[in-house]
Amino acid sequence: MGSRDDEHVKRREILFSAPHPDPQQAATAAAVLAGMDGVLLAKPLDPLTLEVHYHLGHTCLAQIESTLQARGLHLDNALLVKLKRALAHYTEDTERDNLGCPRGDSNCTTQVFITQYQRRPHGCRDDRPKHWRRYL
């Protein structure tokens, strides 16, 4: 039998819709989720399918999907996929409530954006003192 902690590790497949400027949405999503707290594995199975393993105590499918949608990726919205997604959201919410996980206190979404921002070379750093920035 597996350990008690292994039963809270979830494996899901996230499907993306085909008409999108990025033909490799699964690979892009795997790169985005690499810095997310609680995500153990994110690997593309094909250009539109992503396999994700995550610990339910740290994150859930709804948070992962909202992170990907905020980055501009389009999830598949076929009826069967939406039904499976809704069932997964419901069961994970129930499990997280039973584990005592707080709702809405997740820091992982903002942490992903902070990590991506720090990695990217850009000219958005302002060297002026803080009190001078207001006077533009």
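Since every read-out is calculated from the coordinates, none of them should be taken as a lab result. Everything quoted here is computed from the prediction, not taken from an experiment. Cβ: placed from backbone, ideal geometry, glycine included. Neighbour counts: every protein chain shown.
The listed peptides 48-58, 66-76, ordered by packing as a protection proxy, come out as 48-58, 66-76 (highest mean of other Cβ atoms within 10 Å first). Within straight cross-link reach of K10, meaning Cα distance under 24 Å, which lysines are found once same-chain residues fewer than 8 apart are removed? K10 reaches K43, K82, K84.
Above 17 Å lies some portion of the pair distances; for the stretch 6-115, what is it as a whole percent of all C-alpha pairs? Here the long-distance tail beyond 17 Å is 51 percent of all Cα pairs in the stretch 6-115. Multiplying the residue separation of T49 and Y117 by 0.36 nm and removing their Cα-Cα distance gives an extension gain of 21.9 nm.
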